[in-house]
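What follows draws every value from the coordinates through simple rules; no lab data is involved. Just so it is clear, the structure is predicted and the values come from calculations on it, not from any experiment. In this analysis, Cβ positions are derived from the backbone assuming ideal geometry, glycine residues included, and neighbour counts consider all displayed protein chains.
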Amino acid sequence: MKIIGLTSHLTGNHDNSAALLIDGKIVFAISEERITRIKHDNHFPVNSIKEALNYKNLRLKDINYFASGAPPINLFKLLITYAKGFRYTNIKKIIQWVIARIALLVNEGERHQKRKGLNSLAELGINENKVIYIPHYLAHAETAYVFGGMEKCLVVAWDGYGVDEDGLPLCGSIYKGDNGTLAKLEDIPVYTSLALYYGAITVALGFKLNDGEGKTMGLAAYGKKSPALEIVRGIFPYFNGKRWIARNNWLEINGVSRLEYFRLTPTYRFMRLLIEEHGAEQVAYAAQVVLEEEGEKFFRYLVKKYKLRKVAVAGGIFLNVKFNMRLLKKKIIDEIFIYPNPGDGGVAVGVALACYKKMGGEVSIEIMQSAALGKEFSDKEVKKSIRDFSKKIIVKDYDNRVYKIAAREIIKGKVVGWFVGRDEWGPRALGQRSVLADPRKMTIKERLNERLKQRDWFMPFAPVIMDEYKDKVLANGYATYFMTLTDYVKKPFVKRIPAAIHVDSTARAQIIRKENNPAYWQVIKEFYNKTGIPVLLNTSFNKHGLPIVHTPQEAIEHLLWGCIDELVIDSYLIKRKNK
């Protein structure tokens, strides 16, 4: 059985992606943004579908089912849900919301008419009988459960907004995973969406929704307790030990994805005044504290009620690595697996898995070893890109010694682009499309921010650590293959790798094993042999504002733009002719 899973079968869902499943195994997955170069691309993922088909030389007619993680919204259930939430607000806000929704529906209709190109599976010519709708949170839950390696565990799917199989809007669902199957335990009402409130603060801070939440988390480390904390507590939803309690501003918060609407609301103006009065750092700190505290209370309740201390999670809220660490550090749970693409992009894999099960297939529970699920470029394709830039670059093929040369250049202070193997699946660079540098030198951090990232001064870079040395570097050993946890760095290494840690002495580390990515492990091992430091600084291979590079051409362009000093593509070391 062959299934293509899609975040959404329509244009409109951020991070739209496609995944290919064959006989119960995910063999390919890619986000539309990698191909189109539009960050968080929300268009119908026609390019991703083409890449998935090309990977196995398939045609559209070879695919048995197309699974979508965006079931149609049920207007009746939507109204019932919102009616339940109306008890938390007042008539004035309800009238304002109704007027705004009507205006938005008209505006969205006009925008859809102006969109060019394919916008749906139907326009691609796919028969409706082949389209299977999968609940948003079941899709998230499948990714966490199938790849977490735990036969029996609690599964939490939680983000800002999603729709279940009946078109009911939610912000999360809780499942029990047992012997390969998922059973729903409870839902989280959409009007208590903690993630949307955090997103609203992110927007008020001047960052982008569904992109800047990591900046809010990074900025929070520079803040401290202030009167802003109690004020933010008073406007965020909270968990009372048994259920989630909404606030009277929830209608405004639920419109945060429509910025032209949200910026006109009293809640947005209130948040802006709060930032002006107390400072961006204090408000970011307050939002982070409230997210962690309310999330902790909710997990304590779940663990106590369902008697399960092993947890698998997915959904955008788990991109918050500080919250993930808190669950372990506070000993609320014993074990956690965070799917490496926990945001909506990852839904494409989840719907394919859920569809396969729905059609009678069985999926084995496994421990995910690698997120390299995207496209790999042949030597012929690499050589063509090299020829295209031959007048501007110098190239040498070092065969299997390239890792030694790369380590040598990094020790010299060079910033090296690393383009090896298949694209990573998800938002993190994990050793396929990475930029590597010496973590001992703070000047490297400054150069990376100035030349490659051009980003906010408060954002940290991350270390990649040889697995066998993680306990020497990290205080608690909290690290994964996929950079989904953060941990405190031990004092000796705080001084030795300052460029790869945050101001609060934490690091969102990736651990690497030789068997998972031999070339990547070898370059770190060579660096360790020469310096005694089993760590490299790793950041994503992309200029500010662009998605992670996808093709050899894009990698070479970054070199020519001066974003990096040197470039490794497979066994080739590439330099600029004119520096």
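Overall shape: oblate for the range 1-81, with the ratio a/c of the largest to smallest alpha carbon gyration tensor axis at 1.5 or above and b/c at least equal to a/b.
Placing dummy labels 7 Å off each Cα toward the beta-carbon, the span from GLU260 to GLU186 is 4.0 nm.
Over the chain, dividing the summed -39,500 (n - 2.57) contributions of all DSSP H runs of at least 4 residues by the number of residues returns a 222 nm mean residue ellipticity of -11500 deg cm²/dmol.
Taking every DSSP bridge with both residues inside the range 423-546, close to 75 percent are antiparallel. The stretch between GLU128 and LEU75 holds 17.0 nm of extra length on full extension. This uses 0.36 nm per residue minus the Cα-Cα distance. Note: relative contact order over the range 379-576, using C-alpha pairs below 8 Å and six or more positions apart, is 33 percent. Site pair GLU277 and LYS383 shows an inter-label distance of 6.8 nm when each label is modelled 7 Å from Cα along Cα→Cβ.
Would you mind calculating the relative contact order of the chain from Cα pairs under 8 angstrom and at least 6 residues apart, reporting the percent as a whole number?
Result for the chain is 16 percent.
Residues whose amide H comes within less than 5 Å of that of PHE28, counting only those at least five positions distant or on another chain, are LEU20 (H built at 1.01 Å from N in the peptide plane). Seen against the Cα atoms of the chain and their longest principal axis, helix 75-85 is set at about 80 degrees. Dimensions of the range 274-425 along the principal axes, based on C-alpha atoms and rounded to the nearest Å, stand at 63, 57, 29, largest first.
The residues packed around THR506, meaning those with a beta-carbon under 14 Å from its beta-carbon, carry a net charge of +3 if Lys and Arg are +1 and Asp and Glu are -1.
Rounded to 0.05, the FRET efficiency of the GLN454 and ARG233 pair, given R0 = 41 Å and the Cβ-Cβ distance, is 0.75.
Relative to the dominant Cα principal axis of the chain, helix 379-388 is inclined by about 80°. Relative intensity of the range 379-576 on a log10 scale, I(q)/I(0) at q = 0.10 Å⁻¹, equals -0.36, per a Debye sum over C-alpha point scatterers of equal strength in the absence of solvent.
Against the chain, whose longest principal axis is taken from its Cα atoms, helix 280-306 shows a tilt of about 70°. Only one residue of ASN320, HIS9, ILE91 has its Cα farthest out toward the positive end of the dipole of the chain, where Lys and Arg carry +1 and Asp and Glu -1 on Cβ, and that residue is ASN320.
Under the combined filter of DSSP loop state and at most 16 neighbouring Cβ atoms within 10 Å, the range 485-579 retains these chymotrypsin sites (Phe, Trp or Tyr not before Pro): TRP561. If you model the range 227-324 as an ellipsoid using its alpha carbon gyration tensor, with each semi-axis the square root of five times an eigenvalue, the axes come out at 27, 15, 14 Å, biggest first. Specify whether the C-alpha gyration tensor of the range 188-252 places it in the rounded, prolate or oblate class, a ≥ b ≥ c being the square roots of the eigenvalues: rounded for a/c under 1.5, otherwise prolate if a/b is larger than b/c and oblate if not. The shape class here is oblate.
Between (i) 1.04; (ii) 0.96; (iii) 1.01, which matches Rg/Rh (Cα atoms, Kirkwood Rh) calculated for the structure shown? Label of the calculated value: (ii). The listed peptides 405-415, 271-281, 424-434, 165-175, ordered by packing as a protection proxy, come out as 424-434, 165-175, 405-415, 271-281 (highest mean of other Cβ atoms within 10 Å first).
Modelled label positions at TYR469 and ASP397, each set 7 Å beyond Cα in the direction of Cβ, lie 3.2 nm from each other. If you place +1 on the Cβ of every Lys and Arg, -1 on the Cβ of every Asp and Glu, and leave all else neutral, what size is the dipole of the chain about its Cα centre, to the nearest 20 Debye? Using only the charged Cβ atoms, the result is roughly 1280 debye. Based on every Cα atom in the range 439-546, Rg and the maximum pairwise Cα distance Dmax equal 13.2, 36 Å. For the range 390-478, the Kirkwood hydrodynamic radius comes to 15.3 Å, computed from all pairs of different C-alpha atoms.
For the range 296-370, taking Cα atoms only, Rg and Dmax work out to 14.1, 41 Å respectively. Restricting the count to DSSP beta bridges whose residues both fall in the chain, what percent are antiparallel, rounded to a multiple of 5? Of those bridges, close to 70 percent are antiparallel. Over all other residues within a Cβ to Cβ distance under 12 Å of GLU296, the charged ones net out to +4, with Lys and Arg as +1 and Asp and Glu as -1. Converting phi to 3J(HN,Hα) with the Karplus coefficients 6.51, -1.76 and 1.60 and the offset θ = phi - 60°, the range 315-322 yields x, x, 5, 8, 6, 7, 5, 5 Hz in sequence order, with x at every glycine or proline. For ASN57, what is the net charge nearby, where nearby means another residue's Cβ is under 15 Å from its Cβ and Lys, Arg count +1, Asp, Glu -1? Spelling it out: positives minus negatives among the neighbours equals +3. Computed from the Cβ-Cβ distance with R0 of 51 Å, the FRET efficiency linking PHE270 to ARG309 stands at 0.85. Residues whose amide H lies under 5 Å from that of LEU536, counting only those 5 or more places away or on a different chain, are VAL464; hydrogens are built 1.01 Å from N in the peptide plane.
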